[in-house]
1. Among the residues of region 86-105, which ones are closer than 13 Å to L73 by Cβ and not charged (D, E, K, R)?
2. Just to be sure, is K20 open to solvent by 50 Å² or more (accessible area, probe 1.4 Å), modelled with pLDDT under 95 and touching a Leu at 6+ places or on another chain (Cβ under 9 Å)?
3. The conditions are (1) outside any helix (DSSP H, G or I); (2) open to solvent by 10 Å² or more (accessible area, probe 1.4 Å); (3) closer than 25 Å to C27 by Cα, and S148 fails exactly one of them. Which is it?
4. Might you let me know whether region 70-81 holds any residue that is touching a residue at least 40 places away in the same chain (Cβ under 8 Å), farther than 19 Å from Q128 by Cα, in a loop (DSSP other than H, G, I, E, B) and among the acidic types (D, E)?
5. Looking only at residues in region 120-157 that are of a type in the set (S, T, Y) and more than 21 Å from K20 (Cβ to Cβ), which one is modelled with the lowest pLDDT?
6. Taking region 71-91 only, how many residues are within 15 Å of the chain's Cα centre (by Cα) and open to solvent by less than 60 Å² (accessible area, probe 1.4 Å)?
7. Here is a check on your reading of the model: is V55 assigned to a helix (DSSP H, G or I), modelled with pLDDT of 95 or more and either among the aliphatic types (A, V, I, L, M) or buried (at least 18 other Cβ atoms within 10 Å of the Cβ) (or both)?
8. Among (1) of a type in the set (F, W, Y); (2) out of contact with any strand residue (DSSP E or B) (no Cβ under 7 Å at 6 or more places or on another chain); (3) farther than 13 Å from F9 by Cβ, where does Y76 come up short?
Amino acid sequence: MSKTLVAYFSASGVTAKLAKTLADAICADLFEIRPEVPYTSADLNWNNPRSRSSVEMNDEACRPAIAGELPDLGQYDAVFLGFPIWWYVEPRIVDTFLDGCDIAGKALIPFATSGGSGIANVEKHLRQLYPAANWLPGKRLGRGGDESWARSAAESL
């Protein structure tokens, strides 16, 4: 039987709710990607070019620090990776997570939350930055989630 992890970053709580629902639905372990310095509402103001999120997203090399230890992915066959879509791609803290874990050959399935952006650009970006991973098709989820998608994806591993 395969072992699965749901790792997620959530700025407002929406992605966290979905990640917990997905982890429960597929009997997976759960790991929150928490920033060492939590984001404030002002940090997340994408209309302000000087806000923390705007500054981070305008710098491809930016890797915000993560609080705590990263999980050992060696014990997992697959990782569902959840996050909100920022500026049409994953937040830079997700890149910090991926940079810090051994993802070579690991099955990674992205799931994202967004008010309107699709996941196609995110998937393309992740494949370009992290070609060593085995990227499987992901999904943009609404607030209600889609447990059937997660179950189907987990069963196909």
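1. Result: F97, L98, G100, C101, I103, A104, G105.
2. Yes.
3. (1)
4. Yes, because at least one residue in region 70-81 is touching a residue at least 40 places away in the same chain (Cβ under 8 Å), farther than 19 Å from Q128 by Cα, in a loop (DSSP other than H, G, I, E, B) and among the acidic types (D, E).
5. Per the criteria, the residue is S156.
6. 14
7. yes
8. That leaves (2) as the condition not met.
The values are calculated or read from the model by the stated rules, or taken from the named source; none is laboratory data. All values reported here derive from a predicted model rather than from experimental measurement. Glycine gets a Cβ as well: all are built from the backbone with ideal geometry, and neighbour counts include every protein chain shown. The accessibility values were calculated without ligands, DNA or RNA, using every heavy atom of the protein model including side chains. Shrake-Rupley method; radii C 1.70, N 1.55, O 1.52, S 1.80 Å.
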